[in-house]
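A short worksheet on the structure shown next.
The values are calculated or read from the model by the stated rules, or taken from the named source; none is laboratory data. This structure is a prediction, so every number in the text was calculated from the model and none was measured. Cβ sites come from the backbone with ideal geometry, for glycine too, and all protein chains shown count toward neighbours.
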Amino acid sequence: MKNRTTAIIITVAVALLCACLPLCAGLVGAIDWMMGTNWLGMGDNVGILGGAGVCLGLLGIIAAVLVGIFTLRKKNEEVFPTDEPLPPAY
C-alpha cells in the first residue's frame, strides 16, 4: 500500500473486528460459566461459548498481527541502473 495512513486504519479495524469481538464473547461466556448465573440462558453450553470465544479471539489477534505486518512493512523497490546499455533483442 502506498498510503501508510490507510494501512494503519485497516490494521486497527481488523484488530477490533477479529480480536475484540470474540474476546468479549469469550469473556462474557467465561464469567457466566464461572459464576453459574445463567445470564445468557444457555445452561451448561455457556462454557463452550467461553472457550470458543477465547480461542477465536486469539486467532483474531494473530490475524491482526499478520495484517499489520503485511500492510505496514516497507517494500524494497529495486531501481535498475539507467547507465547500463540494454542487451540486444533477438
(message) Contact list please: Cβ distance under 8 Å, first residue in segment 38-67 and closer than 28 Å to I10 by Cα, second residue of a type in the set (S, T, Y) and surrounded by 14 or more Cβ atoms within 10 Å (Cβ to Cβ), pairs at least six apart or on different chains.
(response) A64/T11; V67/T11
(request) Could you list, in sequence order, all residues of segment 2-54 that are at pLDDT 75 or above and among the charged types (D, E, K, R)? (result) R4
(message) Every residue in segment 55-90 that is among the β-branched types (V, I, T) and at pLDDT 75 or above, please.
(response) I61, I62, V65, V67, I69, T71
(message) G47 - would you say it is in contact with a Phe, Trp or Tyr (Cβ under 6 Å, 6 or more places away or on another chain) and in a helix (DSSP H, G or I)?
(response) yes
(request) Hey, could you check segment 1-48 for residues that are within 12 Å of the chain's Cα centre (by Cα) and not hydrophobic (A, V, I, L, M, F, W, C) and say which is farthest from V67 (Cα to Cα)? (result) P22
